[in-house]
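Here's the structure, in structure tokens; my notes come after.
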Amino acid sequence: MTASLALGPAPHARLARINPVAQLAALAVVTVVLLVSLDVVTPAVVVAAECCLLPAAGLSGPRALWRRTWPLLTGAASVGVVNVLLSADATAITGVALALRVVGLALPGVLLVASTDPVRLADALTVHWRVPTRFAYGALAALRLVPLLVVEFESVRLARRTRGVEGRTPVARLRLFTGMAFALLVGAIRRGTRLATAMDARGFDSGIPRTNARGSVLRTRDAVFVLATAALCGAAVTLSVLVGAWNPVLG
């Protein structure tokens with residue numbers, strides 16, 4: 001349990017030029033395509049394209065990429081291995097396809113978090129999608145608190161190591177990790193309750209329409225980004241059909 005998790009937007013990320021709602025729209029397109037396909041070709045093409053965007057999100061180095069995606073990669077590998085071991089008719093290709101689907105579904109979220117300031121995201125949601133300010137800025141506050149939870153987790157882990165409380169076996173380490181996670185959960189609930197009370201005290205639940213000081217603008221490049229994502233997903237499905245690997249969920 002020594003790997004740390006990096007959160008928050010990377011500085012000077014080129015992908016940050018794309019409006020957050022355009023990134024969310026592209027994410028929705030990718031999600032639909034990957035959820036309806038069970039083959040290995042479609043997610044492989046999509047994941048390859050997503051990996052090409054990693055440098056634009058400020059994740060060009062292996063160390064930076066690992067710090068932000070190790071939970072995703074670990075979970076994807078676990079999904080593939082477990083399905084192969086527990087399913088009687090599953091093959092290695094099936095496990096690879098499932099792992100690629102998990103990566104393909106989660107990696108756009110990593111790109112969004114790595115390249116987008118949460119304030120810009122909240123502004124874009126309220127301006128373009130008319131999301132209620134209570135929800136949008138509540139989500140913003142939650143995103144702001146996530147790095148604090150990571151820091152607290154590292155502090156608790158290091159404090160226990162200083163006191164010599166370390167697991168010698170994988171089972172003991174899992175028990176320690178569970179205890180630390182539960183302590184952080186309790187702290188997060190208490191902090192969230194205080195934050196909700198503070199937001200209500202500032203009128204976030206008053207129902208009065210709010211203005212937006214910063215604003216959010218959709219540009220041509222945002223539409224091009226969404227259309228390029230849709231074209232890529234269409235090309236991935238077409239290639240899968242041409243090679244005879246297409247296997248839709250409802251097929």
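The values are calculated or read from the model by the stated rules, or taken from the named source; none is laboratory data. Since the structure is predicted, the reported quantities are computational estimates derived from the model, not experimental observations. Quick reminder, even Gly has a Cβ in these numbers, built from the backbone with ideal geometry, and neighbours come from all protein chains shown.
All of 138, 109, 75 fail the test of being under 26 Å from residue 49 (Cα atoms) and at pLDDT below 80, apart from 75. In the set 141, 122, 114, 159, only one residue is out of contact with any Ser or Thr (no Cβ under 9 Å at 6 or more places or on another chain), under 30 Å from residue 201 (Cβ atoms) and of a type outside the set (Lys, Arg); that residue is 141.
Counting only residues that are within 30 Å of residue 176 (Cα to Cα) and buried (at least 16 other Cβ atoms within 10 Å of the Cβ), the range 115-149 holds 3 of them.
It is to be established whether one or more residues within the range 94-102 are touching a strand residue (DSSP E or B) at 6+ places or on another chain (Cβ under 9 Å) and either closer than 30 Å to residue 21 by Cβ or acidic (Asp, Glu) (or both). Taking every residue of the range 94-102 in turn, at least one turns out to be touching a strand residue (DSSP E or B) at 6+ places or on another chain (Cβ under 9 Å) and either closer than 30 Å to residue 21 by Cβ or acidic (Asp, Glu) (or both). Screening residue 143 with (1) at pLDDT 80 or above; (2) in contact with a helix residue (DSSP H, G or I) (Cβ under 6 Å, 6 or more places away or on another chain); (3) within 27 Å of residue 30 (Cα to Cα) gives one miss only, at (1).
Only residues that are surrounded by fewer than 12 Cβ atoms within 10 Å (Cβ to Cβ), part of a helix (DSSP H, G or I) and charged (D, E, K, R) were counted across the range 191-220, and they come to 1. Those helices (runs of 4 or more DSSP H) of the range 67-171 in which at least 1 residues are over 30 Å from residue 209 (Cβ atoms) and polar (S, T, N, Q), considering only elements entirely within it, cover 92-115, 133-162.
The set of residues in the range 240-251 that are in a helix (DSSP H, G or I) and more than 16 Å from residue 101 (Cβ to Cβ) comprises 241, 242. Of all positions in the range 122-131, at least one carries a residue that is more than 18 Å from the chain's Cα centre (by Cα) and of a type in the set (S, T, N, Q). With respect to (1) touching a residue at least 60 places away in the same chain (Cβ under 8 Å); (2) β-branched (Val, Ile, Thr); (3) loosely packed, with under 14 Cβ neighbours inside 10 Å, the lone exception for residue 103 is condition (3). A single entry from 134, 160, 120, 130 fulfils the requirement of being under 30 Å from residue 78 (Cβ atoms) and not aliphatic (A, V, I, L, M): 160. The single condition among (1) more than 15 Å from the chain's Cα centre (by Cα); (2) of a type outside the set (S, T, N, Q); (3) at pLDDT 95 or above that residue 26 does not satisfy is (1).
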